[in-house]
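For reference, the structure is listed below as structure tokens.
The values are calculated or read from the model by the stated rules, or taken from the named source; none is laboratory data. The shown structure was predicted, so the numbers you read here are calculated from the model rather than taken from an experiment. Glycine also receives a Cβ, built like all others from the backbone with ideal geometry; neighbour counts cover every protein chain displayed. Side chains are part of the model used for accessible areas, which takes the heavy atoms of the whole protein and leaves out ligands, DNA and RNA. Shrake-Rupley method; radii C 1.70, N 1.55, O 1.52, S 1.80 Å.
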Amino acid sequence: MNNTDNTNEFETKKQLDIINELKERYDVEYKKSGTRKTYHIETFGCQMNSRDSEKISGILKQIGYDETDTEDADFVLYNTCTVRENANNRVYGRLGYVGRLKKMRPGMLVAICGCMMQETTAVEKIKGSYPFVDIIFGTHNIFKIAELIKTRLDNEVNSGKHSDKMVIDLWKDTDMIVESLPNDRKYPFKAGVNIIFGCNNFCSYCIVPYVRGRERSRNLEDIIDEIKLLANDGVKEIMLLGQNVNSYGKNLEPKIGFARLLQEAEKVDGIERIRFMTSHPKDLSQELIDVMGSSKKICKHLHLPLQSGSTRLLSIMNRKYTKEDYLDLVTRIKKAIPDISLTTDIIVAFPGETEEDFMDTIDVVKKVGFDSAFTFLYSKRTGTPAATMDDQIEESVAKERFDRLLKEVQVSSAKAAGRDEHTVQDVLVEEVNSQNEDLLTGRLSNNMLVHFPGDKSLIGTIIPVYLKESKGFYYIGNQVE
Ligand code: SAH
Ligand code: SF4
Ligand code: F3S
């Protein structure tokens, strides 16, 4: 096993000391007032942000905050996304709301972090239009949340104007990975595990490399230790997380491939299912396909973002594969793993997209037969190469293409949906059905859901379920005794 020098034990110790100091401070306050402090986190965006929110939540709980499900709390945090324009707009809406709440709740702290905060314009807008915000930080220093809260509380005592009390801590990039801080998990039986941070791909439409920094892989040892701890805690399913998991290990010495990491993760007793997200088609190796094909634990699901079916556009998008490469990859995957479920992301109306380019995308959707696809209207992100390209597509054309693509995707999903009808499949039981209390909801290896009658004591276990009827996006089933 190898060690890189980017994990920072000094920083872990420093943060743990601050967490303890705050905990003592809050314990004293609690003894006086009799009421415990509450926190609420609103998370926008992808699994990376959800995982970050779990880490922040772990620290807040350790300090002595209790979680609550509304923004009527002592500490409110927005963990933001900026991948498309509408993600930003939703955050401004929430800030307007919390500003009114804060007027009625003196002492409340409002913090904002995440990808949007890595953009200077967004931070300037918040400073100007939402001056009541107390703490602003980014994607690279979430481990510092306790220190930032402490600084803000100290400023309360030392400063006069609110604008002087505001704490802003933004890092442009980092090579630091801080391990072993408190942690909170949304589910007891399944967990996300970061394996690589950042992205080096610079797809020409995408803001992620600018807001998440360069690729940094965690040490294999640290990842496997975390998975072992999770297994000891009863976790059955792990999801390995990264913007491009196939780049895992490239910056480690010696280099380790993603396929090797998967093999090591498979050896951990107690872990029964392994998922991962996301794979870039250009880096998905035959070795990985073979490992997946022969594995009992790796789930039969691959999310393989296509973005466009046009080789011409893929090149301008800087995706580094052609339409034919993608189709060939899919053929090889299906050959090695016949029951694989394929899902994808597609962008409509990238600058310069012609009807011919668009029809190439439709063609790939038809040929691959995706189980489902996230379809996005191209959104201009300032600072990316695509934002200044000529030929931005007119809204009416974009919308019309978007609708046509959606119909094609629906046809494809409908065909894929009933594939496992009348078979028995292993299902991880996740929760009581939100619509009908007598039903449980579970997930198949290929990520499809099934609803079936059962007792809630089954939650967190993997059981065989007969898939009686396909309802499109889910099945109705029966537990096999
Ligand atoms: N790292 C992942 C995706 C991260 S962003 C990957 O490479 O697959 C999730 C999805 O958002 C992308 O796959 C893309 O389809 C979409 N997306 C990214 N930037 C976008 C933009 N400017 N406009 C519209 N969709 C975008
Ligand atoms: Fe964005 Fe491309 Fe990186 Fe994915 S691989 S995060 S789409 S730049
Ligand atoms: Fe959004 Fe940041 Fe994820 S921009 S999609 S939350 S990496």
Considering only the other residues whose Cβ falls under 9 Å of the Cβ of residue 282, what net charge follows from Lys and Arg at +1 and Asp and Glu at -1?
0
Based on the Cα coordinates of the range 399-481, what is the per residue volume of their convex hull in Å³?
97
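Per-residue ellipticity at 222 nm for the chain, helices alone: DSSP H runs ≥ 4 residues times -39500 (n - 2.57), over residue total, nearest 500 deg cm²/dmol?
Working: 14 runs with 182 residues, N = 481.
About -12000 deg cm²/dmol.
Give the relative contact order (percent, whole number) for the chain; include only Cα pairs under 8 Å separated by 6+ residues.
Numbers: 915 pairs, mean separation 50.0, N = 481.
Averaging sequence separation for qualifying contacts and normalising by length gives 10 percent for the chain.
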Taking Cα atoms only, Rg over Rh for the range 262-348 with Rh from the Kirkwood formula is 1.02
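Quick one: order 311, 278 from most to least accessible surface, probe 1.4 Å. Don't skip to the end; give the middle numbers.
Numbers: 311 50, 278 30 Å².
The most accessible residue leads, giving 311, 278.
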Within the chain, what whole-number % of the accessible surface is contributed by carbon and sulfur, with the 1.4 Å probe and all protein chains included in the calculation?
50
Got a number for the accessible area of residue 10? Probe 1.4 Å, square angstrom, nearest 10.
150
From the protein chains alone at 1.4 Å, what is the descending order of accessible area for 469, 324, 9, 119, largest first?
9, 324, 469, 119
With the alpha-carbon atoms as the only input, what is the per residue convex hull volume for the range 324-481 in Å³?
154
Can you give me the solvent accessible area of residue 382 with a 1.4 Å probe, rounded to the nearest 10 Å²?
120
With the contact rule set at Cα under 8 Å and sequence spacing of 6 or more, what percent relative contact order holds for the range 1-144?
22
Report the accessible area of residue 85, computed with a 1.4 Å probe over the heavy atoms of all protein chains in place, in Å² rounded to the nearest 10.
90
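Antiparallel DSSP bridges in the chain: what percent, to the nearest 5?
On the way: 22 of 65 bridges.
Roughly 35 percent of the DSSP beta bridges within the chain come out antiparallel.
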Starting from the Cα gyration tensor of the range 199-280, take the square roots of the eigenvalues, sort them a ≥ b ≥ c, and report rounded, prolate or oblate (rounded when a/c is under 1.5, otherwise prolate if a/b is larger than b/c, else oblate).
prolate
Direction-averaged shadow area of the convex hull around the Cα atoms of the range 117-219, nm²?
8.9
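Between the DSSP loop rule and a limit of at most 12 other Cβ atoms within 10 Å, which chymotrypsin sites (Phe, Trp or Tyr not before Pro) in the range 412-481 are left? Could the numbers behind the result be given before it?
Working: sites: 466, 473, 474, 475; in loops: 473.
Those that pass, being in a loop and sparsely packed, are 473.
Please arrange 237, 395, 54 by accessible surface area, largest first, computed with a 1.4 Å probe and ligands excluded. Intermediate results must be reported in sequence, preceding the final value.
Values: 237 10, 395 130, 54 35 Å².
Order by accessible area, largest first: 395, 54, 237.
In the structure shown, do any of 236/334; 334/415; 55/296 have a Cα-Cα gap over 18 Å, and if so which?
236/334; 55/296
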With 10 Å bins from zero, work out the P(r) of the chain over every alpha carbon pair and list the percent per bin.
4, 18, 27, 27, 18, 6, 1, 0
